[in-house]
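The block underneath contains the structure these notes are about, expressed in structure tokens.
The values are calculated or read from the model by the stated rules, or taken from the named source; none is laboratory data. Source: prediction; values computed, not measured. Cβ sites come from the backbone with ideal geometry, for glycine too, and all protein chains shown count toward neighbours. For accessibility, only protein heavy atoms count, side chains too; no ligands or nucleic acids. Shrake-Rupley method; radii C 1.70, N 1.55, O 1.52, S 1.80 Å.
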Amino acid sequence: MKQKLLALTVLLCMLLPLALTGCSGGDKLEYVSYGEDIKEFDTSLFYGNVETMQGADPSLIWVPEALDENGQVKEDTGYYYAYITATSIINAWRTRDMTNWQYLGAVFRPDLDTFWAYMNFWAPAVHYDAEDGVYYMYYSATSKSVSEYKTHYISLATSTSPMGPFTEWGSISEPLIDFSKMPKDHPLYEAHGEGTTWADGYFAAIDAEPFVDVNGDIYLLFTHDKGAGYSSSSTYIMKMKEWWEPDYESITCISLTGSCEVGGSEKMDEGTVNEGPFMLYHEGLYYLTFSVHTYDESSYQVRQAVSTSPMGPFHKIATEKGGTVITTDGLNAYTNSAGHHSFITVGDEIYISYHTFKNDKSISQARKIRFDKVSFVTNDDGIPVIYANGPTVTLQPLPTAISGYENKATSAQVTATGLREGSSPYWLNDGTLKIHETPNIVDETYFNVGKKASTVTLSWEDYISAKAIMVYNSNLYDTSFTKIDNIRIWYRVGDTEGVCETGEIAFSYDQYSLVPKHYNCIFAGASCTIQFADMDIRQIEITVSESRGGEVFAISEIAVLGKKEGR
């Protein structure tokens, strides 16, 4: 596989600049089209959620390239690191391109003979503190001190490298966080009483996740472990005086399963869990994201709540108002379950990582990790909500900070002909993909099939760099376009200006859709994608005429990847 990818990249670098030399009006553009085999693509520009690594409950961080004292790139920088659930250790993987993964093995391996815990090392969450140069990893594990199964405590390990090894903070004979130290008059103090082996104050806690506020304050999110005898799980937050010093008096419940707000009467369907919490801050609002239903259900998904304070109160956004961040609802024919997540900020872009199942058609086998880009979209109530361009199993652009290429289409002036009444070209370059029929906060641009082909024109005031064009198809099979008739590009080489064309580009239904007996299904985020030699362009005209359903087709988004200035 790596040889094939390398060969393709070398071919592009060597042949395409020569093919474009001397292009003049009407000349054919030489390009590579991705569609027939998703596994063969330029991994310096794209990723595909195709061959992903095995793991569950991912905590992902991005470690930018850094130089050592000799001016050489440090060996542990320039990677995404993924830390995942395990049994008696914590494992990690890393990747530069979100496609090819390197297994690092155990980055945290305590001596179980002397350590306080012995099994179920779950959901590690890693945060780097640049001020002290330390990677802090919270995790939960089953203690030896209590005989009952799934008696989880939260603890902390640290390292000066993302590759580890991580070592336990403080004593190895007890976990860092013990909720029996909570004030006994605190309303959340749990007095178990006689008839149980659990001590008073025991609080089964999992899914610890740190959050650092804009003012530098540190908080810890965590969840009741439903498996320890609770009827449902809820999410809590606690201030930390230091990474290793909890403020037990501050513990606050910020999310109750099935309730829109803690203490409120409004209900919503979430199954029996609010787990795997994460927190983001955006323009004055705090976003609490969490998984609902259970991991072994296809309905496992990530939802969100908002507040003006990290301590709440948080109000959950209704699903019809964009409350779902990511879900496989409606996509179960080829992907199942999208939950227990983390967000990764890469440059100016945010991506969500989450686990799903290696068997894409059912909830079986082991779990694996995927990525998708997220953005903030304003819903009908005027609230910016987190929206994911996923889940996808299709070709997607790498983050700009990794590839050096950005989506130039977002700065283009866009016009279109053949629009269906009521549709708008706005959705052609807004940066979002319509993945599901709902929510209605994101849409596609619809075109009528008629005697004349429909055209989309993207133009810029000045020349921009371009290397690839992605035309995203509809999220519904019947409104998908069957091909692109032609892409015409106005370009410049030196002082010479010209126009070149691609000719017909077929959409690969064999690669990007399922056609079972009773329904037709197109893969989310599927596109016609072409890659060519870097060149300067100022206008693109895309022509489409055919719909799979015959009357209407839709384009979800157009991306034009070009070099970022200064790269």
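Listed conditions (1) more than 17 Å from LYS408 (Cβ to Cβ); (2) open to solvent by 30 Å² or more (accessible area, probe 1.4 Å) are all met by ASP534, apart from (1).
In the stretch 81-97, the residue that is farthest from LEU398 (Cα to Cα) out of those that are out of contact with any Lys or Arg (no Cβ under 9 Å at 6 or more places or on another chain) and outside any strand (DSSP E or B) is THR87. Scanning the stretch 229-263 for residues that are over 18 Å from HIS293 (Cα atoms) and at pLDDT below 95 yields a single hit, GLY263.
A quick yes/no check of all residues on (1) on the phi > 0 side of the Ramachandran plot; (2) modelled with pLDDT under 95:
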{"site": "VAL107", "(1), (2)": "no, no"}
{"site": "ALA125", "(1), (2)": "no, no"}
{"site": "GLU148", "(1), (2)": "no, yes"}
{"site": "ALA157", "(1), (2)": "no, no"}
{"site": "PRO187", "(1), (2)": "no, yes"}
{"site": "GLU190", "(1), (2)": "no, yes"}
{"site": "GLY195", "(1), (2)": "yes, yes"}
{"site": "ASP200", "(1), (2)": "no, yes"}
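Just to be sure I understand, how many residues within the stretch 124-174 are assigned to a loop (DSSP other than H, G, I, E, B), under 19 Å from LYS74 (Cβ atoms) and hydrophobic (A, V, I, L, M, F, W, C)? Write out each step before concluding.
First, the residues of the stretch 124-174 that are assigned to a loop (DSSP other than H, G, I, E, B): 130-133, 144-151, 160-166, 169-174.
Going one step further and asking which of them are under 19 Å from LYS74 (Cβ atoms), we end up with 130-133, 160-166.
From the residues that got through so far, the ones that are hydrophobic (A, V, I, L, M, F, W, C) too are 130, 163, 166.
Selection size over the stretch 124-174: 3.
Annotation: GLU565 fulfils all but one of (1) on the phi < 0 side of the Ramachandran plot; (2) touching a residue at least 40 places away in the same chain (Cβ under 8 Å); (3) not hydroxyl-bearing (Ser, Thr, Tyr); the unmet one is (2).
Looking at GLY322, GLY330, can you tell me which residue is surrounded by 18 or more Cβ atoms within 10 Å (Cβ to Cβ), in contact (Cβ under 8 Å) with a residue 40 or more places away in the chain and within 17 Å of ASP269 (Cβ to Cβ)?
On the way: GLY330 fails: surrounded by 18 or more Cβ atoms within 10 Å (Cβ to Cβ).
Just one listed residue meets the conditions, GLY322.
Got at least one residue in the stretch 448-467 being farther than 20 Å from THR324 by Cβ, touching a Pro at 6+ places or on another chain (Cβ under 6 Å), of a type in the set (A, V, I, L, M) and at pLDDT 95 or above?
Kept after step one, since they are farther than 20 Å from THR324 by Cβ, are these residues of the stretch 448-467: 448-467.
Still in the running and touching a Pro at 6+ places or on another chain (Cβ under 6 Å): none.
The answer is no, given that none of the residues of the stretch 448-467 is farther than 20 Å from THR324 by Cβ, touching a Pro at 6+ places or on another chain (Cβ under 6 Å), of a type in the set (A, V, I, L, M) and at pLDDT 95 or above.
Among the residues of the stretch 473-491, those that are charged (D, E, K, R) and in a strand (DSSP E or B) comprise LYS483, ARG488.
Would you please name the residue that is nearest to GLY312 (Cα to Cα), looking only at residues in the stretch 215-243 that are in a loop (DSSP other than H, G, I, E, B) and touching a strand residue (DSSP E or B) at 6+ places or on another chain (Cβ under 6 Å)? Among residues in the stretch 215-243 that are in a loop (DSSP other than H, G, I, E, B) and touching a strand residue (DSSP E or B) at 6+ places or on another chain (Cβ under 6 Å), the one nearest to GLY312 (Cα to Cα) is SER233.
For the stretch 444-472, how many residues are small (Gly, Ala, Ser), touching a residue at least 60 places away in the same chain (Cβ under 8 Å) and either open to solvent by less than 10 Å² (accessible area, probe 1.4 Å) or not in a strand (DSSP E or B) (or both)?
Number of matching residues: 4.
Within the stretch 493-513, the set of residues being open to solvent by 50 Å² or more (accessible area, probe 1.4 Å) and either among the hydrophobic types (A, V, I, L, M, F, W, C) or modelled with pLDDT of 95 or more (or both) comprises VAL493, GLU504, ALA506.
Find the residue count for the stretch 177-223, including only residues that are open to solvent by 30 Å² or more (accessible area, probe 1.4 Å) and out of contact with any helix residue (DSSP H, G or I) (no Cβ under 7 Å at 6 or more places or on another chain). Show your work before the answer.
As a first pass, look at the stretch 177-223 and keep what is open to solvent by 30 Å² or more (accessible area, probe 1.4 Å): 178, 180-181, 183-185, 187-200, 212, 214-217.
Those still in the list that are out of contact with any helix residue (DSSP H, G or I) (no Cβ under 7 Å at 6 or more places or on another chain) too: 178, 180, 184-185, 187-198, 212, 214-217.
Residues that pass the stated criteria total 21.
Per-residue answers, yes or no, for (1) in contact with a strand residue (DSSP E or B) (Cβ under 6 Å, 6 or more places away or on another chain); (2) farther than 21 Å from PRO58 by Cα; (3) among the hydroxyl-bearing types (Ser, Thr, Tyr); (4) open to solvent by 60 Å² or more (accessible area, probe 1.4 Å):
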| residue | (1), (2), (3), (4) |
| --- | --- |
| TRP101 | yes, no, no, no |
| THR114 | no, yes, yes, yes |
| TRP122 | yes, no, no, no |
| TYR139 | yes, no, yes, no |
| PRO162 | yes, no, no, no |
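Picking from residues in the stretch 9-58 that are open to solvent by 30 Å² or more (accessible area, probe 1.4 Å), under 23 Å from PRO397 (Cα atoms) and of a type in the set (Gly, Ala, Ser), the one that is modelled with the lowest pLDDT is SER33. Of all residues in the stretch 487-516, how many are over 32 Å from the mean Cα position of the chain (by Cα) and over 24 Å from ASP462 (Cβ atoms)? Qualifying residue count, the stretch 487-516: 2.
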